[in-house]
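The values are calculated or read from the model by the stated rules, or taken from the named source; none is laboratory data. A quick note: this is a predicted structure, and the numbers were derived from the prediction, not measured. Cβ placement follows ideal geometry from the backbone for every residue including glycine, while neighbour counts extend to all protein chains displayed. Only protein heavy atoms, including side chains, enter the accessible area calculation; ligands, DNA and RNA are left aside. Shrake-Rupley method; radii C 1.70, N 1.55, O 1.52, S 1.80 Å.
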Amino acid sequence: MAKNLNRIGLDKQTSSELAEKLNELLANYQMFYMNARGFHWNIKGHKFFELHLKFEELYNDSLVKIDEIAERILTLGFTPMHSYADYAGISKIKAAKNVSSGTEAVKEILKGYEVLLPLERELLEMSGESNDEGTNALMSDYIREQEKLVWMYSAFLHE
Ligand SMILES: [Fe+2]
């Protein structure tokens, strides 16, 4: 095995840059996840049953992605961040507290995607340039799914 390659045959230096960016995505996703849980719990109003379920779907999906991102970092040979203090320190998505209006919650979710999608596109580009197909495929799946969700949540707001 060449010295500058890691155990899956990718360049160590570019993998380290990718892992760092993946940790940034992980931190933001953890905040996004916790916000979705809060919306699920605290939502009120005539759309309660619909949104309570929708937000549950969203946080469950976020949990799957959080695990995939963390395990991708490990696969690349690095350590995923694993404390909420660290997440809060670097996440651009901030904690949304006491949101009980459906409209507000959906706006917060859309604001979250405004952070997640550009990060994922950066990762898509970086991984494409370094032939990291594993990270690349993961990012392209996330981008496609989330772009569709942005359409749906925007339609909910009549936008
Ligand atoms: Fe619940």
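Per-structure values
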| quantity | calculated |
| --- | --- |
| Matching option when the condition is within 16 Å of the ligand (Cβ to nearest atom) and of a type in the set (Asp, Glu), among 57, 20, 71 | 57 |
| Residues of the range 116-129 satisfying the condition of being open to solvent by 30 Å² or more (accessible area, probe 1.4 Å) and under 17 Å from residue 24 (Cβ atoms) | 118, 121, 122, 124, 125, 126 |
| Unique residue being aliphatic (A, V, I, L, M), at pLDDT 95 or above and open to solvent by less than 10 Å² (accessible area, probe 1.4 Å) when the list is 53, 26, 63 | 26 |
| Residue list for the range 1-23, filter: in a helix (DSSP H, G or I) and open to solvent by 60 Å² or more (accessible area, probe 1.4 Å) | 12, 13, 17, 20 |
| Which listed residue is at pLDDT 95 or above, over 17 Å from residue 20 (Cα atoms), out of contact with any Phe, Trp or Tyr (no Cβ under 6 Å at 6 or more places or on another chain) and polar (S, T, N, Q), from 136, 42 | 42 |
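Residue by residue, here is whether (1) more than 14 Å from the chain's Cα centre (by Cα); (2) β-branched (Val, Ile, Thr); (3) within 17 Å of residue 146 (Cβ to Cβ) holds:
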site	(1), (2), (3)
16	yes, no, no
49	yes, no, no
58	no, no, yes
66	no, yes, yes
70	no, no, no
76	yes, no, no
81	no, no, no
102	yes, no, no
